[in-house]
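What follows is a set of notes on a single structure, which appears directly below.
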There are 2 protein chains.
Amino acid sequence: MVLRLSKLFLRTLREDPVDAEVASHRLLVRAGYIRRAAPGIYTWLPLGLSVLRKVEAVVREEMDAIGAQEVHFPALLPREPYEATNRWTEYGEGLFRLQDRKGADYLLAPTHEEMFTLLVKDLYSSYKDLPLSLYQIQNKYRDEARPRAGLLRGREFIMKDSYSFDVDDAGLDASYAAHRAAYLKIFARLGLDVIPVAATAGAMGGSKSEEFLHPTEIGEDTFVRSAGGYAANVEAVTTVVPASIDFSNAPAARVLDTPDTPTIESLVAASNQLAPRSGADGGTWTAGDTLKNVVLAVTLPTGERLLVVVGVPGDRAVDLKRVEANIGSFLPIAGEIGLEAANDGDLKKHPLLVKGYIGPGRALGEAVLGLEGSTKLLYLVDPRIVSGTSWVTGANVDGKHVFGLVAGRDFTWDGVIECTEVREGDPAPDGSGPLETARGIEMGHIFQLGRKYAEALELKVLDQNGKQVVVTMGSYGVGVTRAVAALAESNHDDKGLSWPRAVAPADVHVVAVGRGEDIFEAAEKLSAELEAAGLDVIYDDRPKVSPGVKFGDAELLGVPTILAVGRGLVDGVVEIKDRRSGEAENIAVDKAVDYVVNAVRSR
Amino acid sequence: MVLRLSKLFLRTLREDPVDAEVASHRLLVRAGYIRRAAPGIYTWLPLGLSVLRKVEAVVREEMDAIGAQEVHFPALLPREPYEATNRWTEYGEGLFRLQDRKGADYLLAPTHEEMFTLLVKDLYSSYKDLPLSLYQIQNKYRDEARPRAGLLRGREFIMKDSYSFDVDDAGLDASYAAHRAAYLKIFARLGLDVIPVAATAGAMGGSKSEEFLHPTEIGEDTFVRSAGGYAANVEAVTTVVPASIDFSNAPAARVLDTPDTPTIESLVAASNQLAPRSGADGGTWTAGDTLKNVVLAVTLPTGERLLVVVGVPGDRAVDLKRVEANIGSFLPIAGEIGLEAANDGDLKKHPLLVKGYIGPGRALGEAVLGLEGSTKLLYLVDPRIVSGTSWVTGANVDGKHVFGLVAGRDFTWDGVIECTEVREGDPAPDGSGPLETARGIEMGHIFQLGRKYAEALELKVLDQNGKQVVVTMGSYGVGVTRAVAALAESNHDDKGLSWPRAVAPADVHVVAVGRGEDIFEAAEKLSAELEAAGLDVIYDDRPKVSPGVKFGDAELLGVPTILAVGRGLVDGVVEIKDRRSGEAENIAVDKAVDYVVNAVRSR
């Protein structure tokens, strides 16, 4: 195929679009690959569509290779299946909802778990039909609050989503592993560096889950990794839990007057004056010795506002994203929640919560927190609060704190939650060294959904004993649109895009430089020969465009090899340049096609 | 590629789906090609998706062949561009509308004229950039009042829509002709019989327009054709207009008492008694001598109800679809209108309209109709009401008619409209003989839009003289989803589907018949060899399925060639059957692959 720039529907821009925050967005618009139609909604121009189709083809081949079968669902779907799994409500404002002319509710699907589940239920009924993996490459819709960064976070975008169906957990493990391996192959073929990181399942439900993050400064996802190979997103990092401590000889807790100490700093200072610490630690209290109890307000999907108290070491901040990712199992209802620090109004409704002096109260006879008491609130603690640890914490009385309050002896909790900030230098949970933080773009996500959807929609099959069993499922996504953006992001320089060969819109960009008829004839002939050799060619045949503009456009468009036919022609040579390295060579005209073909093949 | 039925995500059904009215719908569901997700919204299963992709590929190749360039627009679009052309309103209930989380209006696009126009405006500015044709193959949405017949009239469906941009009318003619020729090629390659018929532009605006109709009894579109090659849809048929008549010697009109003659029949009977007709016609009045004035109520897009009177020969019924298609230019506002016969309440608001005795009144001093008068109503007439024709018609007084009222002398009209029924036997407007009616499915539609959209959205380019000129556009659609249905509709028998080779989901369907290991081994080997020969193979390798079920499924799926490996194997032969003709031959095993390859190549 030869795309002639005199005909190609393309206009490159010298100026960056005003709304472009990141390089991929800026360059994809400037190079005429995409065009904004509405916030987070883009049109694909010919060159962009070509790159998109190449990414899709790679994804499709690797899905087919693991035996997944392609189907295609509608994007416009009825409410009912999403009602059955509660996602109609859980998705909150992120779901595009609409009604048809009869007033029936519809949605633009963000993912298709429900529909795949129902389809398999419709067609299959026996364990003999499983395992089964189905996929589609299809438009998805999410009404993002802040669509940003061009294609990186759009509201209409293309995903490959696949779903596995197995009769038992071992089957799910195998399907999950097959997808995981396929994903690593896909990203390797695309030339896109990704790290699989442990993730939480979030709104999808289910158990095991990993994200494939492409590390980049502009990524929206923060994750941590160790030199020894551990990687997890911040929500999913697990704390290294200290051993419990025998508290049989621990001294009794005592309440001391600590006037004007509503903050950890003031408490630590006062503690060191009032009650010098005994023992081997040198007699100094630090923030890490205090137990900070933070009251959070959770807005449930029903709109109800629920107070929850988390107890954390005083030297750690609460990380609301980690709370949000992990609090689901403690709440009475699933779905998208609101989460914020409780305000004074919230606290006033619970008069036993004394701001600045809140503590777990059971041991002291004031059951504000914990399992019992008149004003019962859900009390969750950081994993570091293990049995036998001793704390300085609020006494639930203005100006008083309790010293030596022992976990498991003097107070209990409703549950343990990963809720505090992860810090650089924290140990990796697998012992592989200290953690460092990094940022990345989520390129793929794989989930062991388990039986949540199959149960809600009653997808069962007969097992070998003729018994009905609920099918167990996996759900696996690749952001296809986003992959184009990530590839642009990680393959550009200050002159423009610089595509990996696997997805470049053409193999070679031929430029006719100058005005001589001989030049255009030679460029034309070379383009035809390159096409005949099976290559995709962009040929800049524009007659009245200056060499500077032509070269500028070639660098901006980012085809890996640039072949310039110009003055050298009188000496029988053309210039062949590698877009990425910038290295250029003069090559004899009659060797040029072979040279380019070799460059393409040796990628 | 070998698709094994032991693995393929497929379940054929013995029973017809309850909601299936037509064969294509019934068989595509029964054979496991599609599945209903909601009314008019379908999921593509693996075999259906394969057929769909093949249809798309043919369309894409022929679009590329005429130099059209592929782009891809979002389906979810903002309201503003559709507001600028008034289609946001004009589309009425047929448009899926929704709001995002910020309350901004969006729609699911039914077609993309606005977006293409804006995109070209955004990129191009000179006549040198034109001509340009762009296309996409993309999901479209229409909230049909009665989605029906499976894929034939859906609410989410795939269309190829293209748009041409030219600087002048000659350019538009050329772009239109190129698309017309490409469409004929597309349908020929798909093996789908189509007739291009003259059409009205309808809501799209513009001038010249043709539909590509696939003739079939189950088609929703009625059209007419002559033996001499004329074809038009009923809305677009033009009447053969009689010559005007010199009325200088025509007798004066006279009003007669015609009590109790509110209908044409009663009027004709009374006329023949009261005022025997003079002249060569034998003295008998017929319905064709009367001028029937029918009052219609038009509901404008604004909701306003407007009365319009159409005058037609008494022997012809008014065809509301033809009125609707042609009345647009007489109305004060464009858009989707409601149209029905006026009711008594409407008539009462115009006391000079005497039900059963309505006539054009100017000559008689009662200006109910026509251009002047106190109760002016729009008065349109059938093309047969030419100057000099003489009529019996209402005198606008109860029980009175006027005889010998001469068109052009005694009354005038606001306009001429194609509004009466087209009858079998009416002459074709091009003199190619009498018309016959037929039914068809609209497979494609091409429009000369002209400058309507470019004007509304200000798409102008500089012409050769440096002057800004409005671009002229064409719009061209092929129903891709619908083509799959039409192909199924016209390629089936009572046993199932019978695909043309160009779109069949596989080239050959290999059936292992029986239980012998040798049979499965041979079938497996043949499948592999057929695949190696470049063919797509469905291989029914299901071990415990009876031969009857296997052959039934093969006939239902409709792959053109069926290769059965069974008892004949001991004699070294397999059976190769042509699905369509039913002819079967025993072929030596070692000749089977060549035989099938030849059958595929000689299609």
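The values are calculated or read from the model by the stated rules, or taken from the named source; none is laboratory data. These figures come from a predicted structure and were not determined experimentally. Ideal geometry is used to build each Cβ from the backbone, glycine not excepted, and the neighbour counts take in all protein chains shown. Note: areas computed on protein heavy atoms with side chains; ligands, DNA, RNA excluded. Shrake-Rupley method; radii C 1.70, N 1.55, O 1.52, S 1.80 Å.
Ascending distances from the B:Pro262 label point to its copies in the other chains, with the point 7 Å along the Cα-to-beta-carbon line: 8.7 nm.
In nanometers and ordered shortest first, the copy-to-copy spacing of the A:Gly431 label point, defined 7 Å from Cα toward Cβ, is 10.0. Using only the Cα atoms, work out Rg/Rh for segment A:506-601, with Rh taken as the Kirkwood radius, to two decimals. Value, to two decimals: 0.91. Between amide H atoms placed 1.01 Å from N, distances below 5 Å from B:Val573 occur with B:Val589, all of them 5 or more places distant or on a separate chain.
With respect to the axis relating copies A and B by rotation, the chain A residue whose beta carbon is closest, plus that distance in Å, is A:Leu98, 2.
Please figure out what share of the DSSP beta bridges in chain B is antiparallel and state it in percent, rounded to the nearest 5.
Numbers: 94 of 118 bridges.
Restricted to chain B, the bridges split so that about 80 percent are antiparallel.
Which loop GluC sites (Glu not before Pro) in segment B:540-596, with loop taken from DSSP, have no more than 16 other Cβ atoms within 10 angstrom of their Cβ? Within segment B:540-596, the qualifying GluC sites (Glu not before Pro) (loop, at most 16 other Cβ atoms within 10 Å) are B:Glu583.
With the dipole of segment A:254-416 worked out from charges on the C-beta (+1 for Lys and Arg, -1 for Asp and Glu) around the Cα centre, which of A:Ala342, A:Val295, A:Asn396 lies farthest toward the positive end? Of A:Ala342, A:Val295, A:Asn396, it is A:Asn396. If I take every Cα pair under 8 Å that is 6 or more residues apart in segment B:254-416, average their sequence separation and divide by the length, what percent do I get for the relative contact order? Once divided by the residue count of segment B:254-416, the mean separation gives 25 percent.
State the percentage of accessible surface on the protein assembly as shown attributable to carbon and sulfur atoms; use a 1.4 Å probe and exclude ligands, DNA and RNA.
Working: 24300 of 48490 Å².
Heavy-atom surface of the protein assembly as shown belonging to carbon and sulfur, 1.4 Å probe: 50 percent.
Looking at segment A:254-416, what % of its DSSP beta bridges pair antiparallel, to the nearest 5? Spell out each step's value before the answer.
Values: 22 of 31 bridges.
Counting only bridges with both partners in segment A:254-416, antiparallel ones make up about 70 percent.
Taking the Kirkwood radius as Rh and the Cα radius of gyration as Rg, segment A:212-316 has a ratio of Rg/Rh equal to 1.08.
Under 5 Å between amide hydrogens, built in the peptide plane, is the criterion, and for A:Arg4 it picks out A:Tyr539 among residues at least 5 positions away or on other chains. Ordering of A:485-493, A:499-507, B:127-135, A:347-355 by packing is A:485-493, A:499-507, B:127-135, A:347-355, highest average first (other Cβ atoms within 10 Å, averaged per residue). Taking a straight Cα-Cα cut-off under 17 Å and skipping sequence neighbours fewer than 8 places away in the same chain, the lysines within cross-link reach of A:Lys348 are A:Lys376. Put simply, the amide H of A:Met443, placed in the peptide plane, has neighbours under 5 Å in A:Phe212, A:Leu213, A:His214, leaving out anything fewer than 5 places away on its chain. Restricting the calculation to Cα atoms, chain A shows an Rg/Rh of 1.08 when the hydrodynamic-style radius is the Kirkwood one. Computed from phi, the 3J(HN,Hα) profile of segment A:125-141 under the Karplus parametrisation 6.51, -1.76, 1.60 (θ = phi - 60°) reads 8, 10, 4, 5, 7, 10, x, 9, 10, 10, 8, 8, 10, 7, 5, 10, 10 Hz, with x in place of Gly and Pro. For segment B:411-449, which GluC sites (Glu not before Pro) are both in a DSSP coil and crowded by at most 15 other Cβ atoms within 10 Å? Passing both the DSSP loop test and the Cβ count: B:Glu421, B:Glu424. So what's the gap between the Cα centers of segment A:495-549 and segment A:382-440, to the nearest angstrom? Here the answer is 63 Å between Cα centres. With θ taken as phi - 60° and the Karplus curve 6.51 cos²θ - 1.76 cosθ + 1.60 applied, the whole-hertz 3J(HN,Hα) list for segment A:559-565 is 5, x, 10, 10, 10, 9, 9 Hz, x standing for glycine and proline. Across segment B:165-270, Cα pairs under 8 Å and at least six residues apart give a relative contact order of 17 percent.
Restricting to segment B:506-601, compute how many DSSP beta bridges are antiparallel as a %, nearest 5. Write out the running numbers ahead of the final one.
Details: 9 of 18 bridges.
Taking every DSSP beta bridge with both residues in segment B:506-601, the antiparallel ones total about 50 percent.
Given the pairs A:Lys321/B:Lys7; A:Lys321/B:Lys140; A:Lys577/B:Lys185; B:Lys54/B:Lys577; A:Lys467/B:Lys54, which are separated by over 32 angstrom at their Cα positions?
Details: A:Lys321/B:Lys7 43 Å; A:Lys321/B:Lys140 38 Å; A:Lys577/B:Lys185 42 Å; B:Lys54/B:Lys577 23 Å; A:Lys467/B:Lys54 42 Å.
Pairs exceeding 32 Å: A:Lys321/B:Lys7; A:Lys321/B:Lys140; A:Lys577/B:Lys185; A:Lys467/B:Lys54.
Converting phi to 3J(HN,Hα) with the Karplus coefficients 6.51, -1.76 and 1.60 and the offset θ = phi - 60°, segment B:243-249 yields 5, 5, 10, 5, 9, 4, 9 Hz in sequence order, with x at every glycine or proline.
Buried accessible area for the A:B pair, summed, 1.4 Å probe, in Å² rounded to 100?
Working: alone 26610 and 26630 Å², together 48490 Å².
Summing both sides, the interface buries roughly 4800 Å².
Annotation: per residue accessible area for segment A:116-191 equals 33 Å², rounded to a whole number [probe 1.4 Å, protein chains only]. Other protein chain C-beta atoms within 10 Å of residue C-beta, averaged over B:97-104: 5. Using a cutoff of 8 angstrom between alpha carbon atoms and counting only pairs six or more residues apart, the relative contact order for chain A works out to 18 percent.
With label points defined 7 Å past Cα in the direction of Cβ, position A:Lys460 shows copy-to-copy spacings of 7.1 nm, given to one decimal and shortest first. Comparing segment A:254-416 with the 2.2 N^0.38 Å rule of thumb, its C-alpha radius of gyration ratio is 1.02 (two decimals).
From the largest down, the protein assembly as shown spans 134, 78, 74 angstrom on the principal axes of its Cα atoms.
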